[in-house]
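The values are calculated or read from the model by the stated rules, or taken from the named source; none is laboratory data. All values reported here derive from a predicted model rather than from experimental measurement. Don't worry about glycine lacking a Cβ; one is built from the backbone with ideal geometry, like all the others, and counts go over all protein chains shown.
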Amino acid sequence: MPTTYYLVLSFVLFLIGTAGVLLRRNALIALMGIELQLNGGNLAMLAFSRELGDLKGHVFAFIIIALAAAEAAVGLAILVALFRGRQTVNLDEATLMKR
Amino acid sequence: MSAGGATTVDMVVFGVLATLTTFFALFTITRRNPVTAVMSLVATFFCLAGIYASLSAHFLAVIQVLVYAGAIMVLFIFVIMILNREEVAPFSLRPLRVLGVLAGVYLLVKIIDVVTVGLPEAVPGAAPDGFGTVAAIGDVLFRDFLYPFESISVLLLVAIVGGVVVSRSHQKEVAAVEAHDYRHQIEELAHHDYPGEPPAPAAPEGYH
Amino acid sequence: MSFDATQLFAYAPMLILIGMGCLILLAETFAQGASRAGLAWLGIAGCVGALIAIVAGWAGAAEPTTHFQGMLVVDRMALFLDGTFVAAALLTLLFAPPYLREQGFEFGEFYAMVLFATAGMVMVIHATHLVSLLIGIETMSLAAYVLTGCWRRSLRSAEGAIKYFLMGAFATGFLVYGMAMVYGTTGGELSYAGIASKVPQATKSPLFYLGEYFILVALGFKVAAVPFHMWAPDAYEGAPTPVTGFMAAGVKAAAFGAIVRLLGSAFASPLLVFDFTGWASVLAVLAAATMTLGNLAAIRQDNVKRLLAYSSISHAGYLLIGVVASGLGVASAKPAVLFYLASYTFTTLGAFGVVAWIGNRSDERLYVDDWAGVGTARPAVALAMTLFLLSLGGVPPTGGFFGKFYLFRAAMESPQLHWLVVVAVVNSMVSVYYYLRVVVSMYFRDSTRALAPTEGATMRLGLLLTAIAVVLLGIFPGTVVEWAGSIALK
């Protein structure tokens, strides 16, 4: 398959992830949006890697998966902490500090 | 894979996987119920693993299923079990954010335009021998990428310890602070003179 | 390739920080009650050790040397900023123990996290490869999210942490996607030098610009430059106050270091700097927007912590001027940025240190009105706070004044930037107004209720050290600029 197809798909994934972070109120779904963004990046990396016949992209994608796991762990822990105090993960309700 | 152009089979496989990926990704961010969302995310990751395999990235495809669809998603499901709540109004349609997403869509159109014109429509040639295998990736990872491999251990340590620090219950601390206050009050009381009573014994250790 | 153990010696500061962090985590399991205070001293010892290692490595770093297949570089710029980060960590570890004890959440992991975050900053500033940059940024950021959210009794802490985390992770998404684009369009280059060598052919594809700007957007989030600043006030207000100082100073300085290095090597080609699509004009506009909006928001704040948060946004704007000037080829701009970062680090840490000092568990005293009467009750601390605020405002005998002076002088050398300097000077004058509001409240108004600050010997020591540093930077700015100036400019 031509690399361009993969690139378009990767950008679509990235965009869906971005939309998820920006438009959803539920912090959990926002976190899923971030995972989609990272996967978009990974897909682009692997597509380029295949085109160039260069394995650096694979290693990069590997590292990003590890990084996504670390990020998800910390993010979910913060979510649990927020939920424990406020009984909500709704970002629009988390407004103790406006103005 | 033929070198000249994509075969029909490739086309069909990619088309199906790409459609499913996009569909499940959209499903993820539009569902009201987080459990449905996370299941769609798992499906997205499985389809992506298939796409990775079609890019000769077999090792990454396995990792994708193991780590992403396996470990990370289990973490998500656990957290959803702790705090499962359905939302009344799931979307936060603030003008600036919608504008941001629209700008992204515009960028997408531009990119499709540019990419389809700018880059050759050709399929990349056959991958080198052993491309995407564990041995080849291990070779790059432990030679050129030795430092990132080592330093990411610090990142993982921070994530492990940090996750525990942030999410563990603070009942113990509250108890400790209360005990401290309590002790303080008793000490203060002990300094007061009560007529007709002997001074209170200073034994704060017994209180919790 | 063979692994050379002497390479490790060059990274002694990083290794000492990480090792000490692990040691604290181990010691934490055995520590109980009062012995927890000893954990902070372990961290302080680690910082002192790292400072010694930096000084020891200074002479050998006159010429930049790269290690680990071009992943990391050791040069004077890196060591200068290393020193700044480690000093920031040291001061944070001095401020934190009394504060944590007062607020009732003292635990060893906090100190370890500070050290890991500092190690992450060191990784960022030494990075000459997109992968090592990414890992450094993530290590630093994850530790910062945790530090923000670790004040479990406070609801604001969790709220600040979730906002900080979501925006930070969002930025990481951009960073990763941008790196993928750069990787593909440069033909498989990830090191800064490799990217720089492939720029002419890479710019044929617009995807390269997309990648470049995505990376800059991500770093813009980290320094809280204007369109990407919305997380900063909440995260800064929600975090435990010593952590706020650490974030506002250290994390921002590290991200600026990364920007300076990235724009100075990988994206230094004239093809990328100038013109309509060049980063110089984009960053110049962002600089003006950042300082103006940061200042305008700060004027309206009555909460001192939030006021300082917005003021730290405006400082990112001043720093961006230096970055732009350096891109336009002004040789004195880079040392000016580094001097500014150093003076800003000490001043900010000091100011947030006083904010941490003034409150106690039941009464945080965060509002400007609450500061009334501090001048008579505690003249020494009031004097220190005045010094920090004047330095932030850029009033002459302080480090902050010389920071702005060098920065604006460097920018004046480039005719395209004169308008920006005018905007910056106007902004500085405006900023003095809101800094002085706090000073006026401290000295010229009578206190409404008794002061019961968080006392602690280490806190007093930390404030003393910061005040001395700010004064010294104001008295001997030339020496420090010389250290910063001996940075090898390629």
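Worth pointing out:
- Some residue of the range C:230-247 being more than 30 Å from C:Thr454 (Cα to Cα) and either of a type outside the set (Gly, Ala, Ser) or assigned to a helix (DSSP H, G or I) (or both): yes
- Pick from the range C:329-363, criterion of a type in the set (A, V, I, L, M, F, W, C) and either out of contact with any helix residue (DSSP H, G or I) (no Cβ under 6 Å at 6 or more places or on another chain) or without any contact (Cβ under 8 Å) to a residue 24 or more places away in the chain (or both), ranking: surrounded by the fewest Cβ atoms within 10 Å (Cβ to Cβ): C:Ala331
- As for the range C:101-122, it holds no residue that is free of Cβ contacts under 8 Å to residues at least 24 places away in the same chain, at negative phi and either at the interface with chain A (Cβ under 10 Å from one of its Cβ atoms) or surrounded by 23 or more Cβ atoms within 10 Å (Cβ to Cβ) (or both).
- Scanning the range C:184-203 for residues that are in contact with a Gly (Cβ under 8 Å, 6 or more places away or on another chain) and not in a helix (DSSP H, G or I) turns up C:Thr186, C:Gly188, C:Ser191.
- Residue match in the range C:84-98 (condition: closer than 22 Å to A:Gly75 by Cβ, in contact with a helix residue (DSSP H, G or I) (Cβ under 7 Å, 6 or more places away or on another chain) and in a helix (DSSP H, G or I)): no
To keep it simple, each residue is scored yes or no on (1) in a helix (DSSP H, G or I); (2) surrounded by 14 or more Cβ atoms within 10 Å (Cβ to Cβ); (3) at pLDDT below 90.
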{"site": "C:His418", "(1), (2), (3)": "yes, no, no"}
{"site": "C:Ala424", "(1), (2), (3)": "yes, yes, no"}
{"site": "C:Asn427", "(1), (2), (3)": "yes, yes, no"}
{"site": "C:Val430", "(1), (2), (3)": "yes, yes, no"}
{"site": "C:Tyr433", "(1), (2), (3)": "yes, no, no"}
{"site": "C:Leu436", "(1), (2), (3)": "yes, yes, no"}
{"site": "C:Ser447", "(1), (2), (3)": "no, yes, yes"}
{"site": "C:Leu451", "(1), (2), (3)": "no, yes, yes"}
{"site": "C:Arg460", "(1), (2), (3)": "yes, yes, no"}
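- Checking C:Ala202 against (1) in contact (Cβ under 8 Å) with a residue 40 or more places away in the chain; (2) more than 11 Å from chain A (Cβ to nearest Cβ), the condition it does not meet: (1)
- Some residue of the range B:137-157 being on the phi < 0 side of the Ramachandran plot, crowded, with 20+ Cβ neighbours inside 10 Å, more than 8 Å from chain C (Cβ to nearest Cβ) and modelled with pLDDT under 90: no
- All conditions in (1) within 7 Å of another protein chain (Cβ to nearest Cβ); (2) not in a loop (DSSP other than H, G, I, E, B) hold for C:Gly211, with the sole exception of (1).
- Criterion: farther than 19 Å from C:Ala53 by Cβ and crowded, with 24+ Cβ neighbours inside 10 Å - qualifying residue of C:Leu155, C:Leu147, C:Leu93: C:Leu147
- Residue-level check: of (1) surrounded by fewer than 24 Cβ atoms within 10 Å (Cβ to Cβ); (2) at the interface with chain B (Cβ under 10 Å from one of its Cβ atoms), C:Thr65 misses just (2).
- C:Gln69 meets each of the listed conditions (1) outside any loop (DSSP other than H, G, I, E, B); (2) at pLDDT below 95 apart from (1).
- Cβ-Cβ contacts under 7 Å between residues 6 or more apart (or on different chains), taken from a first residue in the range B:17-46 that is within 10 Å of another protein chain (Cβ to nearest Cβ) to a second residue that is aromatic (Phe, Trp, Tyr), are listed as B:Val38/B:Phe76; B:Ser40/B:Phe24; B:Ser40/B:Phe27; B:Thr44/B:Phe24; B:Phe45/B:Tyr68.
- Condition met for B:Gly70 (part of a helix (DSSP H, G or I) and more than 15 Å from the chain's Cα centre (by Cα)): no
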